[in-house]
1. Would you give the gap between the C-alpha center of region 322-346 and the C-alpha center of region 593-654, rounded to a whole Å?
2. At 1.4 Å probe size, put F636, F860 in order of accessible surface, largest to smallest.
3. Taking Cα atoms, how many degrees apart are the long axis of helix 186-200 and the longest axis of the chain, rounded to 10 and kept between 0 and 90?
4. In debye to the nearest 20, how big a dipole does the chain give about its Cα centre with +1 on each Lys and Arg Cβ and -1 on each Asp and Glu Cβ?
5. If packing is taken as the mean number of other Cβ atoms within 10 Å per residue, what is the order of 160-167, 54-61, highest first?
6. Calculate, in nm to one decimal, what D508 and V67 gain on full extension: separation in residues at 0.36 nm each, minus their alpha carbon distance.
7. To the nearest 0.05, what FRET efficiency results for L25 and M52 with a Förster distance of 45 Å applied to their C-beta separation?
8. Please list 3J(HN,Hα) in residue order for region 769-779, calculated via the Karplus relation 6.51 cos²θ - 1.76 cosθ + 1.60 where θ = phi - 60°; whole Hz, with x for glycine and proline.
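The values are calculated or read from the model by the stated rules, or taken from the named source; none is laboratory data. Predicted, not measured: the structure shown is a model, and the values here were computed from it. Cβ atoms come from the backbone with ideal geometry, glycine included; neighbour counts cover every protein chain shown. The accessibility values were calculated without ligands, DNA or RNA, using every heavy atom of the protein model including side chains. Shrake-Rupley method; radii C 1.70, N 1.55, O 1.52, S 1.80 Å.
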Amino acid sequence: MTRLLHLLPRSLMGRIFAVFSLTMLVFLAGGLALFYRYQFLQHIEETQDSAMTLVEVAAQTIEDSAVIGDYDTVRRTLSKMLVQSPFKSAAFLDVTGGRIRLEAPPLPPSQAAPDWMRDLVAEKLYDVNRVANVGGKDYGVVRLSFDERKLAAQMWSVVVETSVLALVVFAISLGLMRTLLRRWLDNLGRLRLFENDVTAGRITAAAALHADAPSEIQEAIQAVNRSADSLRAQFGQRIDALMNSLMQHKSAMDQAAIVCEVDTDGLIAEVNELFIANSGFTRAELVGMPLGAVGRPADPDHGWQPGPQVWNGEVALAGRNGVRQWRRTIVPMFEGERIERYICIDIDITERKEFERAIVENAKRQTLIAELGRKALADNDLDELFAEAAEAAARGLGTPGAALFEAAADGSVLLRAAAGRLAGAQGQHLAAAGLLPQPPDLPLRPWMAPLAEQHGLERGLDACIGSADSPFGLIGVYDDGLRNFGPDDANFLRGIGNILATAIERRDARNRLTYLAQYDPLTSLPNRRHLALGLEQALARAAAQERRAAVMFIDLDRFKNVNDMLGHGVGDQLLVQAAARLQACAREGELVARLGGDEFAVVLPDVAGDDDTAALAAEIIQSLAQPFYLQGQALFVSASVGIASYPEHGDNAEILLKSADTAMYGAKNDGRNTYQFFARAMHENAALRLQTEAQLRQALERGEFLLHYQPKLDLADATVSGFEALLRWNHPQRGLVPPLEFVSILEDTGLILPVGEWVIGEVCRQLKAWQADGLPLAPVAINLSARQLQQDDLAGAIERIVVGAGVTPTLLEFELTESMLMTNPEAAVETLSRIKALGMRLSVDDFGTGYSSLAYLKRFPLDALKIDRTFVRDLPHDSDDALITKAVIRLAHSLNLKVVAEGVENVEQIRELEKYNCDEIQGYYVSRPLPAQGAAAMLVDKQLAPV
């Protein structure tokens, strides 16, 4: 709506005329549209009706002619129908397929109507069809097709004629309306003439009224007269108020701005109080003084000169109040075309200029900070960065000297970098008593004062680099005057210090990462990567000098037990102590490294022979075999050492390490706590071990494990007192595999846990089978491994299996070794007590070969001790073995424990053990391990032959 109003003329006459014209045009167009629609529909209807009447009349003639076959008459009838008719064609279609078709002459192009009208007519008309039927028989069809062009031309002629007539009427109406409007609005034109006369002062009376003017215009003229009277009164009031406001503005200007009047010669004629106060001159001094003497232009080449233009600029006033900055505007005051005087308005912008200067200075400093930060990120050379920092500090604070000091361990400081006057002093050491905060009442630190005096510097400001607790040093600036450094200066210097501290931290972190890439963080020994580099270098020197070299691969035996039983914290402490012992054993030039976990290596760059290497290996084994005192208890581990020599066992680091690793596993398989040199056959053994491990993982599922039972003999009555269940592996190709070949692999891989549970279950099953067969039962001993003793809730697992099998618990006995018990005695006491509470027996196997503590031995809920075969083998001939065996038996009996002697193979040994009151014996003399059927046979006849 608003846009439409903008399109209307600005004058009243134009708007009335435009509204009238649009209204007339709308009504005229609407009326014509309704008229045309009515005429169109009526004409179509009449044409259709006329066509139907015509075809009915002509049909009688055509029917009569068709009956007698007079088709000429039919043709003439059709031709007459096309004359002065709205049809385009007339046709008679005979039932036999004959056709008579006549076309009307085409319409001349000059009479053609627009296509849209022709299409409109064509939509409303349809062809007329009349069946010629005589006596109920059809003779054909009369078809008339309308000529839409002819009908459209007729309608278009009507549209054109009526439109021309309507336009003529519209034009006449507009002319008449314009004439009337002009006559009526002439009174308003007289009102404008009246306004001009009033403005020119020719008349002051009211505007005249004419009787022939419309009443609305007369009322408008009267309203104008009333408004004019009111404006005259208000105009006088406004002039008075304006004069009063001008006086107030002048007073406010005098209070807020520094103002003076200047005559046409440029001399000060009058000043306000602010001008006097801010200039520092008296009124008498100022009056008559050239304006140029009060304020020196910032641009001398464009100073003010009297003239007609307004002058703007900045001036500096050096008065009694110091140097002030003014923004000056000089405005010429005219009287007619002549300059009467000048008004000079000054605004004190000293604070603003100082603020701008501070912003520029701060931006400059921020740029220096950013540039220094960028260099700190991009450059790894701290010396160059320190020099840049000293230069940036001097430039940013505008001082003649700057310095960067590094704190030394002895409390002194080193002048690491300097700029300006102090550049020549770089590298000097100053005797400072630490980097304590600078006393606020001193312009310089005491230790800096002598150096500053040498270079004419009197005052300084410094900032700490790094944290206050452990600072790297100081960055300081020094001035030769009495300059007072402000907070912004201190912040800038601290910013530089923070950047330097970050750069130093990055350097330290990079060095730390470099160290961690080469060294083990726990033991501080070289890691595997460093070892490889050191070994390669050692081999290169050995090759150049045609010497031999060697590498040792060291693994701590049963270290996992320490971690599992006492935690990784204790294990880490043990590794640190072990690393220290290895370093103590290593000779000058030999490299000790930690490869990971409990594995270490030693590189021997120059060896005289295998004896030299073996001596060092033995020393290492002996050193690591000593007890480790951790958390108030002694822990024992041993070491297996593999040795590979250059050039016999390999010509590069990778092959040598692999060979030493293989030799180390050979030492483990040989009983641990020993060393072995690499041999070619070890590769085959390692491959066989891997193959065996893979086969063992499927042996349990395939049912390849079985148990043999070795009987124990009671010496008192020569009866079978029990059996020991021994695990066997019935390999599908190799047959029965000796336990020494696979039990250790079960331990190392953890397969001993499911296999151990299978053994307990199988013993229970066999006891139930013997019981079902009516055989007298004897207890069966089962060996527990170290991994089983460490597993969670071992007692619960045993109880679940035994109760599930329905076996009496007293028929089961569990054997453990000394070393297993002493790994974590506290945990062992708890686990064994739970097993003992279930009603099962406990015994210590291979007693005498470990490091048993008698104090702990009393705490373990044991039932028997088994003397290791090493003490029985040489009886009765070895007196030492005899004394040890006798002492063990007495000790066991004093603790109410039964004694079983293992490895008994002859009668002499039995006689000697009888003298010592040994309770039971076990060995090949009694029987080799038997399958279940053989053991059952011994149960049938528990009494053995007299010995």
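1. 100 Å
2. F636, F860
3. The helix 186-200 is inclined about 80 degrees to the chain.
4. Around 3620 debye, computed over the chain.
5. For the peptides 160-167, 54-61, the packing ranking is 54-61, 160-167.
6. So the chain would gain 146.1 nm between D508 and V67.
7. Step by step, r from the Cβ atoms, then E = 0.65.
8. Calculated HN-Hα couplings, in order: 5, 4, 5, 5, 7, x, 7, x, 8, 10, x Hz.
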